[in-house]
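*Asks:* So that we are looking at the same thing, I have put the structure below in C-alpha cells.
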Amino acid sequence: MKQGRGRMIERCLPEAEKAAAAHGCELWDIEFVKEAGQQILRLYIDKPAGGIGTDDCEAVSRTFEAWLDEDDPIPDSYMLEVSSAGLTRALKRPEDFPRYFGHRVDVRLYKGEHGAKDHTGLLKAYSAEALTLDIQGNELVFTVKNISLVRLNPIL
C-alpha cells in the first residue's frame, strides 16, 4: 500500500530539520512532487544570517541522504533536491509571516477580492483568518482561506 505524499513528508520532516540544523541551516520547506513523470523530494533551506551556497546544499543533502538510505521512507524511485529557499520564497506556515512584516509580497487569490486575483504590497499583518497588505497607503484585508499563494517580492 502506498503512503500518501503528506504522510511521507511528515515522516521525513523531523530528519530534514535535523540535517539542516547540523549544518547551521534551517529547513524552510519540504515538498514531495511529481514533475515530468519523476518524483522529487525537495528541501528548501535557509540560514538565519542569510546566504545559502552550494556547499550548504551539498552538506545538507549528504546528511539527509544518509538517513534516507538507512530508513528508506519512500518505497518508489525519486530524486532528492536541496536548494535555497530563494529571494522569492513562498510564505506558507503561520510562523513564516511575522518575520516578513513590512516586506513586499505578492498575493494570489483563488477568487478575486478588491477587484483582482493578484495583489502586491507590504505585508502588514497575518492571522489564521486574514492577511493585511499596505498597497500604496491603502490597507486591504484578504481572507486566508481564499489565498492560494504568498511569495516575497524583493523588487523595489
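The values are calculated or read from the model by the stated rules, or taken from the named source; none is laboratory data. All of these numbers come straight from a predicted model, not from anything done at the bench. All Cβ positions, even for glycine, are placed from backbone atoms using ideal geometry, and neighbour counts span all protein chains on display.
*Asks:* Say we look at the range 118-129 and pick out the residues that are among the charged types (D, E, K, R) and out of contact with any helix residue (DSSP H, G or I) (no Cβ under 8 Å at 6 or more places or on another chain); which of these is surrounded by the most Cβ atoms within 10 Å (Cβ to Cβ)?
*Replies:* Lys124
*Asks:* Scan the range 44-73 for residues that are surrounded by fewer than 18 Cβ atoms within 10 Å (Cβ to Cβ) and β-branched (Val, Ile, Thr) and jot them down.
*Replies:* Result: Thr54, single match.
*Asks:* For the range 54-85, give me the residue count where each residue is under 19 Å from the mean Cα position of the chain (by Cα) and free of Cβ contacts under 8 Å to residues at least 12 places away in the same chain.
*Replies:* Matching residues across the range 54-85 total 1.
*Asks:* Also, I was wondering about something else. When you scan the range 26-43, how many residues do you find that are within 18 Å of Arg11 (Cβ to Cβ) and either outside the structural domain of Leu80 (by TED's automatic domain parsing) or surrounded by 15 or more Cβ atoms within 10 Å (Cβ to Cβ) (or both)?
*Replies:* Number of matching residues: 8.
*Asks:* Evaluate the range 109-121: report whether one residue or more is under 21 Å from Glu31 (Cβ atoms), part of a strand (DSSP E or B) and more than 16 Å from the chain's Cα centre (by Cα).
*Replies:* Yes, the conditions are met somewhere in the range 109-121.
*Asks:* So, one more: Restricted to the range 17-27, and to residues that are outside any helix (DSSP H, G or I) and more than 14 Å from the chain's Cα centre (by Cα), which residue is nearest to Thr88 (Cα to Cα)?
*Replies:* Top of the filtered list is Cys25.
*Asks:* Any idea which of (1) of a type in the set (D, E, K, R); (2) in contact (Cβ under 8 Å) with a residue 12 or more places away in the chain; (3) more than 27 Å from Asp56 (Cβ to Cβ) is the one Lys117 doesn't satisfy?
*Replies:* (2)
*Asks:* Hey, does the range 28-41 have a residue that's touching a residue at least 12 places away in the same chain (Cβ under 8 Å) and outside any strand (DSSP E or B)?
*Replies:* Checking the range 28-41: not a single residue is touching a residue at least 12 places away in the same chain (Cβ under 8 Å) and outside any strand (DSSP E or B).
*Asks:* Can you tell me which residue among Thr132, Thr143 is surrounded by 14 or more Cβ atoms within 10 Å (Cβ to Cβ) and over 28 Å from Ala20 (Cβ atoms)?
*Replies:* Working: Thr143 fails: surrounded by 14 or more Cβ atoms within 10 Å (Cβ to Cβ).
Selected residue: Thr132, the only one of Thr132, Thr143 that is surrounded by 14 or more Cβ atoms within 10 Å (Cβ to Cβ) and over 28 Å from Ala20 (Cβ atoms).
*Asks:* So which of Arg62, Arg99, Arg11, Arg93 ends up being on the phi < 0 side of the Ramachandran plot, modelled with pLDDT of 95 or more and not acidic (Asp, Glu)? Give the steps one after another, and end with the answer.
*Replies:* Numbers: Arg99 fails: modelled with pLDDT of 95 or more; Arg11 fails: modelled with pLDDT of 95 or more; Arg93 fails: modelled with pLDDT of 95 or more.
Answer to the check: Arg62.
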